[in-house]
1. I need the shape label for the range 1-73. Rule: rounded when a/c is under 1.5, else prolate if a/b > b/c, else oblate, with a, b, c from the alpha carbon gyration tensor.
2. Could you give the angle, 0 to 90 degrees to the nearest 10, between helix 146-174's Cα long axis and the longest principal axis of the Cα atoms of the chain?
3. Suppose every Lys and Arg Cβ carries +1 and every Asp and Glu Cβ carries -1, with no other charges. What dipole size does the range 1-92 come out with about its Cα centre, to the nearest 20 debye?
4. To the nearest 20 debye, what charge dipole does the chain have about its Cα centre, counting +1 at the Cβ of each Lys and Arg and -1 at the Cβ of each Asp and Glu?
5. Cross-link partners among aspartates and glutamates for residue 187, C-alpha distance below 16 Å, same-chain residues fewer than 8 apart left out?
6. Dividing the alpha-carbon radius of gyration of the range 3-148 by 2.2 N^0.38 Å (N being the number of residues), what value is obtained?
7. Determine the share of the chain's accessible area contributed by carbon and sulfur atoms, expressed in whole percent, with a 1.4 angstrom probe.
8. Using just the alpha carbons, could you tell me how many Å³ per residue the convex hull of the range 70-194 encloses?
Amino acid sequence: MISFVTNYDEATSCNYEVYGNCGLNPTISLLGDNAIARNLVSELTVVSRDVFAMSHGDDNKLCDQQGNDTFTEEILASLSASESFNIFAYACNTSRVLGEVAARNNIKWFGFVEPINPPETDSSLLNVYVDIFSFIFENFPNVSCDNSALNFLDNLKLLCAHKSEHIDGITLSNGGPPTLSAYISVKQMWEKQKIWLPGYGSVVHPGAPAPILW
């Protein structure tokens, strides 16, 4: 496993802090200033490994620490001869276009079809995000077909529902208003995620609403 986590503005700083709290143990860590496209592609060229990424993104772009595109169509094509691997991208919009391109090149892509909220860094919410991202980190590499993708999303949905109840409890104990952005970010984990699989097309949770056309 390779972790690829940028840290260059407010949103990616939230990602970076939450990732650090998770205590994950990838084989290779490309974090902050080391999270640049050249480093990641170099590692994948040597050995195909699953990638857990957190950064900014767009329809056909996953940004590195310098804001550069990490996976162009040419780069994905150059990696396609390698053994198939999985990429989870916690970033906006990458499953609109980039995920489909990845699947055409024998790469399984876990991304989002709309803009997503960064995780909240309030200490009271620590376990909410640790449990969710730890689940994703441990389980997305095991997805290999449409059935396992649906099972992954269904279990993620159940976990997110449980964590929303946890946020309810925190809100009541604090006596303050609901942390709306936390509810949204947790719900988006399964609602806005689309998985692209070579030979299978795309998979979304059957309970997910239709994406918003921006």
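The values are calculated or read from the model by the stated rules, or taken from the named source; none is laboratory data. Because the structure is predicted, anything quoted here is derived from the model rather than measured. Cβ atoms come from the backbone with ideal geometry, glycine included; neighbour counts cover every protein chain shown. Only protein heavy atoms, including side chains, enter the accessible area calculation; ligands, DNA and RNA are left aside. Shrake-Rupley method; radii C 1.70, N 1.55, O 1.52, S 1.80 Å.
1. Oblate, since a/c reaches 1.5 and b/c is not below a/b.
2. 30
3. Using Cβ point charges on Lys, Arg, Asp and Glu, the range 1-92 gives about 260 debye.
4. It works out to roughly 360 debye.
5. List returned: 114, 120, 131, 154, 165, 168.
6. Normalised Rg, Cα atoms only: 0.98.
7. That fraction is 49 percent.
8. Taking the convex hull of the Cα positions in the range 70-194, it is 96 Å³ per residue.
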